[in-house]
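Everything on this sheet refers to the single structure shown next.
What follows is calculated from the coordinates using simple rules that are stated; it is not laboratory data. Nothing here was measured: the structure is a model prediction, and the numbers come from that model. Every residue, glycine among them, receives a Cβ derived from its backbone with ideal geometry; neighbour counts consider all protein chains shown.
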Amino acid sequence: MAAYRELLQAEDFGGRVERVIVFGHPSLSREVPALIQRDDVETIVVAPTGAEWYNPGHRVRTFARTARVGASASSEAETRDGRAWLGSWVMSSRRVLDAATEDADVPFGAHGMTRAEFAALRAPVTRSMLVDAVWRASWPHDRLVLGASRLIREADRRVPGKKISVHSNRGLAGIDGTIATATGIALASQAFQHGSEPRSTGTTRLLLGDLALLHDAGSMLLVPGEARARLQVIVGNDGGGTIFDGLEVAASAPDDLISRVLYTPQGVDLSAIAAAYGWEYDRAATRSELERALTAPPLGPSLLEVPLTR
Ligand SMILES: Cc1ncc(C[n+]2csc(CCOP(=O)(O)OP(=O)(O)O)c2C)c(N)n1
Ligand SMILES: [Mg+2]
């Protein structure tokens, strides 16, 4: 349910929820903890260890180490109701996403492109376009790592389910060590088992923001004699931390202070960083450049810079 944030806020959807079962630690959106803290909602948190117990507002009464799905419905009518309930979420999620799709994101066919479709290929890359393109380029033999950025929020709210491995750092969603994490995931996937075939072919892609990249640039160091990661680092460069533009304080504080303290502008030449560390570098400012760069990534570590507007 990609557009779950909008639906949870709607009376007809979120308003009708009676029970929540939580796996993992939902930290990307405020709607989930808000739902759990409602008086009319019962929450069950499933986690293998106590350290994982998620408990927003200390409102959770039931914790379990495992969960087993039993018989789903006791009657045909119940099955029908359940399907209708699920179907209405799926359809409404689709409608919210379609309404939110920017003009430049119109899908284009391989044959007989219209003028609008050609224009779309030359249009500057938007966040939604970037997230969609990276998601489309990822296959089951690939791995995708997402950094703490406005981009993971964008992915969370729009990409559909897909059978691919997606990783992200937990804890407080730190921006530190993101490149190191992705390098480790790439190298582990390339590791040889019993001295024969690598465990996986394919590419590891890391999608992150410019500040997270700068914070961990030291991890780009290539050590002589060590294996090279088949890693494509895709950096959405909006010149600072735009994830904070959505904070409440942005609505009331003066722009110049918000910029200095939260956005923290930067104008570092990322191609020079790539050159300094001996990484391949590419830049994709339009949709067609992006599709090309994602389809045929270099075999070693590479940096793909995608300029984004604030
Ligand atoms: C170690 C650490 N310091 C600070 C933060 C707070 N923080 C979260 S996201 C972020 C910056 C995001 O900027 P960028 O990587 O450019 O991503 P954008 O949101 O602009 O796409 C910061 C500083 C953090 N999560 N971890
Ligand atoms: Mg940024």
Handout entry: Karplus 3J(HN,Hα) series, Hz, for the range 49-54 with 6.51 cos²θ - 1.76 cosθ + 1.60 (x for Gly, Pro)
Key = 10, x, 4, 8, 5, 8
Practice task
Please work out the Cα center distance from the range 238-301 to the range 111-172, rounded to the nearest Å.
Solution key: 15
Exercise for the section: Return the long-range amide H neighbours of Leu206 (sequence gap of 5 or more, or a different chain), with a cut-off of under 5 Å between placed amide H atoms. Expected result: Val145, Gln232, Val233, Ile234
Exercise for the section: Quote the charge dipole size of the chain about the Cα centre in Debye, to the nearest 20; the model charges only the Cβ of Lys and Arg (+1) and of Asp and Glu (-1). Expected result: 740
Completion exercise
Final fewest-first order of Met113, Met220, Met1 on the 10 Å Cβ neighbour count is Met113, Met1, Met220
Practice task
Kindly work out what percent of the DSSP beta bridges joining two residues of the chain are antiparallel, to the nearest 5.
Solution key: 5
Exercise for the section: Just the Kirkwood number for the range 1-87, please: inverse of mean 1/r across all distinct Cα pairs, in Å, one decimal. Expected result: 14.4
Handout entry: Cβ-placed point charges (K, R +1; D, E -1), dipole of the range 1-61 about Cα centre in debye, nearest 20
Key = 180
Exercise for the section: Can you grab the distance from the C-alpha centre of the range 173-189 to the C-alpha centre of the range 30-91, Å, no decimals? Expected result: 31
Problem - Along each principal axis, Cα extent of the chain, largest first, Å - result: 62, 54, 50
Exercise for the section: Bin width 5 Å, alpha-carbon pairs only: give the P(r) of the range 19-61 as whole percents, running from 0 to the bin holding the largest distance. Expected result: 5, 25, 36, 24, 8, 1
Problem - Charge dipole (the range 231-310, unit charges on Cβ, about Cα centre) - positive-most of Ala251, Thr295, Val261 - result: Thr295
Handout entry: Calculated on alpha-carbon atoms, Rg and Dmax of the range 141-287 in Å
Key = 17.0, 60
Completion exercise
Cα-based Rg then Dmax for the range 197-283, in Å, read 16.8, 58
Problem - Net charge dipole size for the range 229-273 [Lys, Arg +1 and Asp, Glu -1 on Cβ; Debye, nearest 20] - result: 260
Practice task
Mind sorting Ser93, Ser252 by how few other Cβ atoms lie within 10 Å of their own Cβ, fewest first?
Solution key: Ser252, Ser93
Exercise for the section: Would you mind getting me the FRET efficiency between Ala296 and Asn55? Use the beta-carbon distance for r and R0 = 51 Å, nearest 0.05. Expected result: 0.65
